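Student: Got a structure for you, questions after.
The values are calculated or read from the model by the stated rules, or taken from the named source; none is laboratory data. Note that the structure is a prediction, hence the values are computed from the model and not measured. A quick note on method: Cβ atoms are made from the backbone with ideal geometry, for glycine too, and the neighbour counts reach across all protein chains shown. Areas reflect the complete protein model, heavy atoms only, side chains present, ligands, DNA and RNA absent. Shrake-Rupley method; radii C 1.70, N 1.55, O 1.52, S 1.80 Å.
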Amino acid sequence: MTELGSAPVPPLAADDHVRGPAGAPLVIEYADFECPYCAVLSARLAARSLRRAFRHFPVRSSHPRAWPAACAAEAAGLQGRFWEMHDLLFADQGRLEDPHLWRRASALELDLARFDADRRSEVVIARVRRDFESGIRAGVVTTPTLWAGGTTYAGRVDEPTLEALSGG
């Protein structure tokens, strides 16, 4: 009999979006820019000494603006501003329509024509799709989902767990 299970979470790739101290515990985060629980968790993770890898998991069925927001973050990333756009998107989830995305890009002093072309490009679409599909294969069923130290944490993550993840 063959045991069925999820594929492992892909290891960090050279183009993963990672921030935090190099020696800190690594957390791989699958999240959706329109998910309120993801925004809360993002702020809570930012307050900890963790090395974070962000991967897109836009749940279009319940968050119709999550996919365009993910593409906007990737387009900003092509101009070296992924994390800044990430933070702006989570800071104001009620405004994810195109005019608001352009305002954020402008505030980050991005090349707006390039930003607009990049967010619609096959390269960016493929990147968001790659993250999403890797999450599906690894068993993501809700956002946010974290992997740390070989353990999966899906949904809301409590303070004692975050404390343990950050080694404190």
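Student: Rolling a 1.4 angstrom probe over the protein heavy atoms, how many square angstrom per residue are accessible across the chain? Kindly include the intermediate steps, with their values, before the conclusion.
Tutor: Details: 8380 Å² over 168 residues.
Per residue, the chain has 50 Å² of solvent-accessible surface.
Student: Right, next: How large is ³J(HN,Hα) for each residue in the stretch 95-104, as worked out from phi by the Karplus curve 6.51 cos²θ - 1.76 cosθ + 1.60 (θ = phi - 60°), to whole Hz, x for Gly and Pro?
Tutor: Karplus values, whole Hz, x for Gly and Pro: 10, 10, 6, 3, x, 6, 5, 5, 4, 5.
Student: Hey, another quick one. Sort the following peptides by mean Cβ neighbour count (other Cβ atoms within 10 Å, averaged over residues), highest first: 25-36, 86-97.
Tutor: Numbers: 25-36: 22.5, 86-97: 16.8.
With the highest mean Cβ count within 10 Å placed first, the list reads 25-36, 86-97.
Student: Please state the shape class of the chain: rounded when a/c is under 1.5, otherwise prolate if a/b exceeds b/c and oblate if not, all from the C-alpha gyration tensor.
Tutor: prolate
Student: If you place +1 on the Cβ of every Lys and Arg and -1 on the Cβ of every Asp and Glu, how big does the dipole about the Cα centre of the chain come out, in debye to the nearest 20?
Tutor: In total the dipole reaches around 20 debye.
Student: Using the beta-carbon distance between residue 24 and residue 158 and R0 = 25 Å, what value does 1/(1 + (r/R0)^6) give for FRET efficiency, to the nearest 0.05?
Tutor: Values: r = 20 Å, r/R0 = 0.80.
Computed FRET efficiency for residue 24 and residue 158: 0.80.
Student: For the stretch 62-123, with only Lys/Arg (+1) and Asp/Glu (-1) charged at the beta-carbon, what is the dipole magnitude about the Cα centre, in debye rounded to 20? Present the calculation step by step, with values, prior to reporting the outcome.
Tutor: Working: 8 positive and 11 negative charges, 24 e Å.
It works out to roughly 120 debye.
Student: Between residue 40 and residue 113, how many nm apart are label points set 7 Å from Cα along the C-beta direction?
Tutor: Those two pseudo-labels are separated by 4.4 nm.
Student: Then there is this: On the protein heavy atoms, probe 1.4 angstrom, tell me the percent of accessible surface of the chain carried by carbon and sulfur. Working shown, then result.
Tutor: Details: 4620 of 8380 Å².
Solvent-exposed carbon and sulfur of the chain make up 55 percent of the total.
Student: What's the long-distance tail for the stretch 92-136, i.e. % of Cα pairs beyond 18 Å? Could you put the intermediate results ahead of the total?
Tutor: Working: 424 of 990 pairs.
Of all Cα-Cα pairs in the stretch 92-136, 43 percent lie more than 18 Å apart.
Student: Enter the angle in degrees (range 0 to 90, nearest 10) between the Cα long axis of helix 36-46 and the first principal axis of the Cα atoms of the chain, meaning the one along which they spread out most.
Tutor: The angle comes out at about 80 degrees.
Student: Also: Helix 82-91 against the longest principal axis of the chain: what's the angle in degrees, Cα atoms only, rounded to the nearest 10?
Tutor: Helix 82-91 sits roughly 90 degrees off the main axis of the chain.
Student: Per-residue ellipticity at 222 nm for the chain, helices alone: DSSP H runs ≥ 4 residues times -39500 (n - 2.57), over residue total, nearest 500 deg cm²/dmol?
Tutor: The helix-only estimate for the chain comes to -13500 deg cm²/dmol at 222 nm.
Student: Could you tell me the relative contact order of the chain? Use alpha-carbon pairs under 8 Å, at least six residues apart, and round to a whole percent. If you can, show how the numbers build up before the last one.
Tutor: Values: 239 pairs, mean separation 52.7, N = 168.
Relative contact order for the chain comes out at 31 percent.
Student: Follow-up question, since we're still on this one. Which of the cysteines in the chain are isolated, no other cysteine C-beta under 4.7 Å?
Tutor: 71
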